[in-house]
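The values are calculated or read from the model by the stated rules, or taken from the named source; none is laboratory data. Here the structure is a predicted model, which means the values were calculated and not measured. Ideal geometry is used to build each Cβ from the backbone, glycine not excepted, and the neighbour counts take in all protein chains shown.
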Amino acid sequence: MDSIKSTEPGKQHLCALLQISELLLQAIPDSEPVQKSLHKIITAADGTSAALYKRFYTNNVSYYLKKIGSAHEKDSLTPLFPETLKPGKMDAQVWAMLNTDFAECFSECRFDTWFADHNIYIVPLKMNEQPYGILILATPRQDIDGNLEFLSAVGNLFNLWLKTIDATKRLEDVFDSIPNPSFIMTTDENIIYWNKANELMTGWKAEQLIGKGNYESSLPYYGIRRPMVANLIMNKDTEWQSTYFEFEQDKDHVNALAFCPALPGGGAYLRTNTNRLYDVNNRLWGAIHAVRDVTIELQMRENLKRSESMYRSIADFAGVGILLVNNEDVIYANEQAEDFLGKTSDHICLADLQDWVKLEEDETVGNLMPKLLWGEEKLVRFEFQAVREGKTAYFNALAQLIPHDNRQVIHFVIDDVTEQKEMDRRVRENELKLIHEERLTSLGIMAAGIAHELNQPLNTIRVVTEGFLYGNEKGWRMGRDELVDNIEMISKQVSRMSTVINNIRNFSREDQSADFTNVSINKAVETVFSMIGRQFEAHNITVHLQLEENLPAVMAPANQLEQVVTNLLINSRQAFDGCPHGQWEICVETGAENNTVFLKIADNATGIPDELFEKIFYPFFTTKEVGKGTGLGLSICQTILANMNGKLDVFNNQNGGATFIVKIPTQKKSNEYPGN
């Protein structure tokens, strides 16, 4: 029999079909039905096959076709039949065998039988799992159109294969255009498609893998031979499935995640999508396997996870309560906030926050939220008291609007300042004690002046009373007017002493609350001079008072302001110790400028050395001899003034001495003038 051998797969299929038809024609006597059937084969697929038929039969071919006639030959082929087809069930009149080359050609069909309903069977035979040949079984039967059914079936099959060849080419084009690296594996674990995206990702060309088995397809990915998902979806192996980070199978579909170390660049994480493939008879013939490089995605996800974990840790260990609240509910609360409210974040609702936060007057968290959400306020700071662990606690809070999940939410930061307030209270108590002790020290320093202040009126009283006694002894008669004058003089001196004693008592009283009241700085200066004014005279120091009238009031504890004046005056008086005798002077001046009341105390002593300017306000720093100063005077002055929002400055003046300047903000109502 003459035919042609073609090296192109599609034409091999066509050649094989023509050989089958030729075999059947030879096996059946020439007749009109046979000719009609042959004509149908030749004109199949819009006449395309006619040209192919003629071309195939113009040259020689090395293929051979063998007709099986003996029962012995038939029995030898029976064990090679597929399990799904038993020849004993068929009454075939024609048995023919195509050689192995045709078997390889038809092995790609993945059909056990074709057109069984037309009494023609084309059966791929295998021996030791290798293609052995193609067996044709047929029983001639004429149909109603006068054609032989089996020849009609061959014609239909011929047409089908022409269309399959075209569809296969289209499939190859489509497969190569898929952006994801992909391949198709048959049930015998051979690769039949390896697209261009796979070539680019792995560096392996399709011709290196097409038709290869023995886990060859795993080498570009893993560098070793091992089952891939395409293998496992067709042949389950739980041990190999467990080597994947993820392996989720839903019937004919598998999603998996794997690290593939052999890929260029040190390997990559691949997300795989694998599906089983079935033929027209619904029999499994392979699997399509597509992958996506998710290395960067996983790195970003891991970085995001670490970032979220880090920020969550920071939020939980920040020591402050953090809450995110929308206009309906609390959507986040860190561990500290949970501790404050005594509930877990899953059980904290907006009502809990509103009940827990107790603000002053009629203000509530519910009132604050609309102001923030509607843009009336950008940032709100507030203090509140609340019950924590059964005790009253003090909190500072901040609330502001921030974006979260494409919407605006309120970010609350709440800090428990109970311990801080307690520490502040203790510090304040210690500060007041220290101020009081320094005040008593100042009294000790002022003792001589105070004694002089009291001695003078006492001397006056003593002179008047001794005059009374002496006159009475001598029998003098004293007129009424003279008696009244002397009594008034005594009364004035007693009043003077009472004022000094009261000022001393007030000055030395320990502060319990240090209440801030409207105070005149001139009044403070005058009160201090009522106690220690004579002391300057005793030291031959001339004091010039230049007190501006009608000064605005300042907010201060009165006795603390007096202590500042006292400490600065004593400091100036002591500056003359050791100075050569001369015209010693201290100038005390008050005034107001730029909403500030000032007090200047300047002397003409020796001034302050440049290297000591930064040290004179340090606690316990003193240039005096041991026992003559605590070194706390100027430091306490600075502390007291800081509590009044005031400040204390010092510089050396042109007269050779030092000038101290006290500045204290005035009251908002500048028309308030306490007595000067």
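Determine whether residue 576 is within 21 Å of residue 651 (Cα to Cα), surrounded by fewer than 20 Cβ atoms within 10 Å (Cβ to Cβ) and of a type in the set (Phe, Trp, Tyr). For residue 576, the condition - within 21 Å of residue 651 (Cα to Cα), surrounded by fewer than 20 Cβ atoms within 10 Å (Cβ to Cβ) and of a type in the set (Phe, Trp, Tyr) - is not met.
Comparison of 183, 175 shows that the only residue that is part of a strand (DSSP E or B), among the aromatic types (Phe, Trp, Tyr) and at pLDDT below 95 is 183. Among residues belonging to segment 173-190 that are exposed (fewer than 15 other Cβ atoms within 10 Å of the Cβ) and acidic (Asp, Glu), point out the one that is nearest to residue 235 (Cα to Cα). Looking at residues that are exposed (fewer than 15 other Cβ atoms within 10 Å of the Cβ) and acidic (Asp, Glu), I get 188. Looking across 401, 379, 372, 434, one residue alone is touching a strand residue (DSSP E or B) at 6+ places or on another chain (Cβ under 6 Å), among the hydrophobic types (A, V, I, L, M, F, W, C) and at pLDDT below 80. It is 372. Taking the conditions (1) under 19 Å from residue 659 (Cα atoms); (2) part of a helix (DSSP H, G or I) in turn, residue 542 satisfies each one other than (2).
For residue 189, the requirement of being in contact with a Phe, Trp or Tyr (Cβ under 8 Å, 6 or more places away or on another chain) and either closer than 19 Å to residue 274 by Cα or modelled with pLDDT of 90 or more (or both) is met. Determine whether residue 241 is closer than 21 Å to residue 185 by Cα, assigned by TED's automatic domain parsing to the domain that holds residue 188 and either loosely packed, with under 12 Cβ neighbours inside 10 Å or free of Cβ contacts under 8 Å to residues at least 12 places away in the same chain (or both). For residue 241, the condition - closer than 21 Å to residue 185 by Cα, assigned by TED's automatic domain parsing to the domain that holds residue 188 and either loosely packed, with under 12 Cβ neighbours inside 10 Å or free of Cβ contacts under 8 Å to residues at least 12 places away in the same chain (or both) - is met.
Against the condition at pLDDT 90 or above and under 17 Å from residue 644 (Cα atoms), how does residue 554 come out, does it pass? Criteria met by residue 554. Got a number for residues in segment 538-558 being touching a residue at least 60 places away in the same chain (Cβ under 8 Å) and farther than 15 Å from residue 664 by Cα? Count: 4.
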